[in-house]
Amino acid sequence: MAAPYPFTAIVAQQDMKLALLIAAVDQGVGGVLIMGDRGTGKSTAIRALASLLPKIPVIANCAYNCDPERPPAGHCESCQHDKKSAPKKTATVGIPVVDLPLGATEDRVIGALDIERALHAGEKAFEPGLLARAHRGFLYIDEVNLLEDHIVDALLDVAASGENVVEREGLSIRHPARFVLVGSGNPEEGELRPQLLDRFGLSVDVSTPQDVKSRVEIIRQRDRYEQDPESFIKQWRRKESAQRRRIEQARDRVGLVSTPDEVLEFAASLCLQLGTDGLRGELTLLRAGRALAALNKKDLLTCADIRSVAPMVLRHRLRRDPLDEAGSDSRIARVLESMEAS
Amino acid sequence: MMPTSASSHWALAEEALAAFSVAPHALGGIWVRSSPGPVRTLFLELAEDWQLNRIAKRIPLHAQEARLLGGIELTQTLATGKLHWETGLLAQSHGGVITLTMAERVQRQTIAHLCSALDTGNLRLAREGLSQTVPAAFGVIALDEGLEGEQPQTALTERLGLRVDLSSLSVHDALPSDIDSARLLNAQANWTSVTLSDDLTEALAVTTLALGIESPRAMVIASRLMKILAAINDRSAATEADLERAVIMSLAHRATRLPELPPEDDDNEASEPEPQEAQSEEPESPSNNEQSEVTPPLDAVIESAIAHIPAGLLASLRQGHQPRGKSSAGGKSGSQQRHKQRGRPVGTEPGDPRRGSRLNLMATLRAAAPWQTLRRRQANPGQQGQLLIKPSDFRTTRFRHQRESTTLFVVDASGSAAMHRMAEAKGAVELLLADCYSRRDSVALIAFRGDKAELLLPPTRSLVRAKKALAALPGGGGTPLAHAVELTTVLSEQIMRDGATPTAVFLTDGVANIARDGTPGRQRAKEEAMAAAKQFRALNSRALVIDASPRAQEKARELAAALGGRYLAMPQADAQGLRNMVRSAEAVN
């Protein structure tokens, strides 16, 4: 299998790349929804992100990637059970990026009885599903608006609670499953369930580049990559590792970014003027803003940061009026402009 | 310009096939538009000859997901008591070619799997006790027998690099070519190292923009095609000729607008003889200031592309319409086929598979597994080592039986009150769409005015598409009711064929004044409308006539009766009220 196309070599699509980077810095911002025309490199970007992500420590041989640095209360049942034994071995792994392919069955997503072991040894063992593998990482759903309803239902609950509770086939298992949901799709294929839409912290609309220069660049890069993937990747290695360092440093820094009161007020009044529901919008604004500040190596959150992330945070949270012709983006832009004037 | 006679048309199709045979997966596939017949047979035989010993699979229309992706192998699993996995068709086709018959009717689910394999060359599986990625790099030959307006879903055609249309050809046009397997093998070995000059790359980018082809994927595939065409002709660098043919084979049919060609050369020659100038007149090519001297004559490329745009598409482009094919056509998106034993699985339940429901093997094994040790103890010695399954273990798949419904608005846009009614209908369409995520509904809209009715919005679930289609609504003129009813009948039939339930909602006062042939005349118009309504009635489909005129009209009531539907007077129709009314009508029936 060929190595994925490098993230830094993706032409244009700044919004999409920024949203993914923010989610990589602070996994608490919630998921990223990427909607756009076909062939705009949505899936390429997400697969590329996987190789860019820093490594994290995990408890060795834990199916749920438990974090050794957390108190055992947050661990999965099996790690909690042998807490009396000697200190557990740890390992470092890349942050998992798990694909939830179309046509996935429920048992693979939430996990199910391990049939082989049940048939042979007659023991009731749990075979973890995709949600377990995605814990502490990313869960990627391509064509998210074509996802089967019963899978969406399973996801909604887990994404909200951060825990997967399995009650089936005589099994009773619960394990932590906190992941960043990344969805991509084409808006012409249909709408997303509002509840699912709500689970995404950031949303970006991608469109195709319309200038000759970037289009030529797309053909050229793609051609070079296809001719000789290995040397192409080698060529981009420096940029890739610089980007990786940037993410790592930002992950360390993001907790230290301070939030002045005036920025809090700015975020609150922005949400108020746009009439977004609940507090989720404001909280995500601040988190995403801080992640952006950290990516830019700053320690202070500013109104400018909030402005830059406002469209991707709020776009999908505006109450939709089907009769309103102007899109969400222009409404956000209008309010931002009026706030600048005042 | 390329000659466009029939035999050269065939030669072009043949060359496209040759390019496909060199690198099926790199080009995605070839979209063959043709009804079955000797020419298509000849074409497919040639495709087989040029397969270069690749695997060739055929996917029928009704192929099940489990067969496409792979699943549990029943016999082996039961005989050995161990899970045996059976590779699906897609993975089996790795390195080969898949022929998709009746591609215009293939289900969306199947298309989605094909597309993800075409994009990545891999198949990611997470089903029935297996999670893995298997290689599945193949090319697709999509056989499209669609009638006018019907074509495979855009998600698929977008990924098929080549398109050939054989419908206008006869066997006599099919002259043998000088391409043979040896040349193809040679090209297969060499095409990746063919060079593509910067000028050609830029020319390709400019051409796609001029034709309004936004997708970078189409552009990247065309760049590969240029290299392959060069390799077939034994060249180590792509040339203008390759660009021209790549544009014809791979891009012309994707055009969404006609480029404004720069003025003829002789106008230009007097002032600026340099080729660059001709190019800088291209629309939307802002960054060609750093061009070298050898710019390919782009006009010629674009002109020949225009000459090869399919006729129907060209006509609609000329009228400035967004081609309907851009949305997934055939009115099929948003509706999936539904049968009593097929459709959306929503879980499993204990049950007897002999009653006609489908056995879910995984769930059955899961139910049986915990009991195995116990049952073995009680079993006859001869049965040791076997899997012991009892009827009580049987689990069957539950399917959602509820059929998808499609609400078909037929809006009278004639006369003075039209604008008001149209606005309300438009509002109701969008409101219905806005709450259709949970219900699997789609909405379509027919407007009639002047001398004919028109399908403005094919059945869709997408708010984005609906908004696009509704943005410019016509209004005013006569009332061609008969044509509107006829069109409604045709569309309702089509919707039923696709497995959904249509509900036609007429918004009219029922006063017809334009006859079927477009001439005015109340009496004849009315008679024809009633005759058309009787035909609709024969479908036994739901209809609702909403009379939005200030005073209730007897004619609207008559129309409702002839359609076999309900009549509702609604002097103050508003979008919200309409929505509620449609919902309640659908619930009643």
Test of understanding: among A:Leu147, A:Leu156, which residue is within 12 Å of chain B (Cβ to nearest Cβ) and over 22 Å from B:Ala369 (Cβ atoms)? A:Leu147
Given the criteria more than 8 Å from chain B (Cβ to nearest Cβ), assigned to a loop (DSSP other than H, G, I, E, B), surrounded by fewer than 23 Cβ atoms within 10 Å (Cβ to Cβ) and of a type in the set (Asp, Glu), does A:Glu167 qualify? no
What tally of residues in segment A:11-47 results from selecting those that are among the β-branched types (Val, Ile, Thr), touching a helix residue (DSSP H, G or I) at 6+ places or on another chain (Cβ under 6 Å) and within 14 Å of chain B (Cβ to nearest Cβ)? 1
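For segment A:114-138, how many residues are surrounded by 18 or more Cβ atoms within 10 Å (Cβ to Cβ), within 19 Å of A:Cys76 (Cα to Cα) and either at pLDDT 80 or above or among the small types (Gly, Ala, Ser) (or both)?
Residues flagged as surrounded by 18 or more Cβ atoms within 10 Å (Cβ to Cβ), within 19 Å of A:Cys76 (Cα to Cα) and either at pLDDT 80 or above or among the small types (Gly, Ala, Ser) (or both) within segment A:114-138 amount to 13.
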Does A:Lys297 fit the bill of being surrounded by fewer than 17 Cβ atoms within 10 Å (Cβ to Cβ) and either touching a residue at least 60 places away in the same chain (Cβ under 8 Å) or assigned to a helix (DSSP H, G or I) (or both)? no
Go through (1) more than 14 Å from every other protein chain (Cβ to nearest Cβ); (2) free of Cβ contacts under 8 Å to residues at least 12 places away in the same chain for B:Gln132 and report which single condition fails. (1)
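Residue-wise test of (1) more than 14 Å from A:Ile218 (Cβ to Cβ); (2) assigned to a loop (DSSP other than H, G, I, E, B).
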| site | (1), (2) |
| --- | --- |
| A:Ala3 | yes, yes |
| A:Lys17 | yes, no |
| A:Ile22 | yes, no |
| A:Gly28 | yes, no |
| A:Gly39 | no, yes |
| A:Thr44 | no, no |
I'd like to know if segment B:142-154 contains one or more residues that are touching a residue at least 24 places away in the same chain (Cβ under 8 Å), facing chain A (nearest Cβ under 10 Å) and within 30 Å of the chain's Cα centre (by Cα). yes
Give me the pairs: first residue in segment B:451-477 and of a type in the set (Lys, Arg), second residue modelled with pLDDT of 70 or more, beta-carbon distance under 6 Å, and six or more apart or on different chains, which are they? B:Lys452/B:Pro480; B:Lys452/B:His483; B:Arg461/A:Gly190; B:Arg461/B:Ser442; B:Arg465/A:Glu188
For segment A:149-159 the number of residues that are surrounded by 18 or more Cβ atoms within 10 Å (Cβ to Cβ) and touching a strand residue (DSSP E or B) at 6+ places or on another chain (Cβ under 8 Å) is 3
Picking from B:Arg224, B:Arg235, which residue would you name as being charged (D, E, K, R) and in contact (Cβ under 8 Å) with a residue 60 or more places away in the chain? B:Arg224
Could you say which residue among A:Val216, A:Val254, A:Val180 is surrounded by 15 or more Cβ atoms within 10 Å (Cβ to Cβ) and without any contact (Cβ under 8 Å) to a residue 40 or more places away in the chain? A:Val216
Criterion first (buried (at least 20 other Cβ atoms within 10 Å of the Cβ) and closer than 22 Å to B:Leu455 by Cα) does B:Val490 satisfy it? no
From the residues in segment A:48-65 that are buried (at least 20 other Cβ atoms within 10 Å of the Cβ) and under 22 Å from A:Gly185 (Cα atoms), which one is farthest from the other protein chains (Cβ to nearest Cβ)? A:Leu49
Residue hits (segment B:7-55; farther than 27 Å from B:Glu150 by Cβ, touching a residue at least 24 places away in the same chain (Cβ under 8 Å) and polar (S, T, N, Q)) are B:Ser7, B:Ser21, B:Gln51
Inside segment A:307-328, can you point out the residues that are modelled with pLDDT under 80 and in a helix (DSSP H, G or I)? A:Ser328
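A quick yes/no check of all residues on (1) out of contact with any Lys or Arg (no Cβ under 8 Å at 6 or more places or on another chain); (2) modelled with pLDDT under 85; (3) within 30 Å of B:Gln188 (Cβ to Cβ); (4) within 11 Å of chain A (Cβ to nearest Cβ):
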{"site": "B:Arg224", "(1), (2), (3), (4)": "yes, no, yes, yes"}
{"site": "B:Arg245", "(1), (2), (3), (4)": "yes, no, yes, no"}
{"site": "B:Asn268", "(1), (2), (3), (4)": "yes, yes, no, no"}
{"site": "B:Glu290", "(1), (2), (3), (4)": "yes, yes, no, yes"}
Here, helices (runs of 4 or more DSSP H) confined to segment A:176-272 with at least 2 residues that are closer than 23 Å to A:Leu292 by Cα are A:194-198, A:229-253
Determine whether segment B:490-501 contains at least one residue that is among the basic types (Lys, Arg), at pLDDT below 80 and farther than 16 Å from B:Ala413 by Cβ. yes
Could you tell me which of the residues A:Ile110, A:Ile95, A:Ile10 is among the aliphatic types (A, V, I, L, M), touching a residue at least 24 places away in the same chain (Cβ under 8 Å) and under 30 Å from B:Thr154 (Cβ atoms)? A:Ile10
Tell me the strands (runs of 3 or more DSSP E) entirely within segment B:118-209 that contain at least 1 residues that are farther than 30 Å from B:Gly37 by Cα. B:122-127, B:130-135
Of residues in segment A:124-140 being in contact with a helix residue (DSSP H, G or I) (Cβ under 8 Å, 6 or more places away or on another chain) and more than 9 Å from chain B (Cβ to nearest Cβ), the one farthest from B:Leu118 (Cα to Cα): A:Ala125
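Hey, does segment B:470-486 have a residue that's among the polar types (S, T, N, Q) and modelled with pLDDT of 80 or more? Please lay out each step first, then the result.
Restricting attention to segment B:470-486, the residues satisfying the condition of being among the polar types (S, T, N, Q) are B:479.
Checking which are modelled with pLDDT of 80 or more leaves us with B:479.
Among the residues of segment B:470-486, at least one is among the polar types (S, T, N, Q) and modelled with pLDDT of 80 or more, which makes the answer yes.
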Hey, among A:Ile247, A:Ile233, which residue is outside the structural domain of A:Phe138 (by TED's automatic domain parsing), of a type in the set (A, V, I, L, M) and either closer than 25 Å to A:Ala159 by Cα or over 25 Å from the mean Cα position of the chain (by Cα) (or both)? A:Ile247
Being under 13 Å from A:Arg108 (Cβ atoms) and in contact with a His (Cβ under 8 Å, 6 or more places away or on another chain) is the filter here, so list the residues in segment A:132-160 that pass it. A:Ala132
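The values are calculated or read from the model by the stated rules, or taken from the named source; none is laboratory data. Because the structure is predicted, anything quoted here is derived from the model rather than measured. In this analysis, Cβ positions are derived from the backbone assuming ideal geometry, glycine residues included, and neighbour counts consider all displayed protein chains.
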